[in-house]
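What follows draws every value from the coordinates through simple rules; no lab data is involved. Source: prediction; values computed, not measured. Cβ atoms come from the backbone with ideal geometry, glycine included; neighbour counts cover every protein chain shown.
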Amino acid sequence: MEEIWINSAEEMVSFGETFTKRLSEGTCVAIVGNLGAGKTHFTKGVCQGLGNADSSSPTFTLVNEVMTESLTVYHFDFYRIKHIEELYDLGWDDYLDKGGVVIAEWADLYPELFPAGTIWLKIEHHEDRRRVLIKVV
């Protein structure tokens, strides 16, 4: 397990930008963390690092499709999902098969959805900093 310390929202965005080196077609990233942990800032950084600065949280749309210069990012937010069937109805399996990068916030609500090889990020509050734990499962 890898551990990274983040000191600000700007650093979280920057971390997301550099994290793109780990991404390729078919990569799935599962993010866990409380409200305000930095999940959306991380994803914004990923999209910026891939060449698109216009990403936003899919809290009200449940999934955003972000076209970048190199990969399409499918950004899910499971926070408002009440039943796993809602994700299947959205086409979860189809998104996994599209060959882009799937990033899901609140992934711990439905961990059984993620394929082997998923990169899990757990973001924890520690006073005014964040600790990010990274592991591949």
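For this structure, a couple of remarks:
- Lysine pairs in region 3-106 with Cα atoms under 21 Å, if 8 or more residues apart or on separate chains: 5
- Qualifying GluC sites (Glu not before Pro) in region 11-117, DSSP loop, other Cβ atoms within 10 Å at most 11: Glu25, Glu69
- Efficiency of FRET from Cβ geometry, Arg80 and Ser24, R₀ 22 Å, rounded to 0.05: 0.15
- Per residue, the chain reaches -7000 deg cm²/dmol at 222 nm when only DSSP H runs of four or more residues are counted, each adding -39500 (n - 2.57).
- Value of relative contact order over region 2-136, rounded to a whole percent, pairs C-alpha under 8 Å and six or more apart: 35 percent
- Sequence of Tyr110, Tyr79 once ranked by neighbouring C-beta atoms within 10 Å, starting from the fewest: Tyr79, Tyr110
- Identified option (computed Rg/Rh (Cα atoms, Kirkwood Rh); candidates [x] 1.00; [y] 1.04; [z] 0.93): [z]
- Put in line by how crowded their Cβ is, counting other Cβ atoms within 10 Å and starting with the fewest, Lys44, Lys21 read Lys21, Lys44.
- Secondary structure note: in the chain, about 55% of the DSSP beta bridges are antiparallel.
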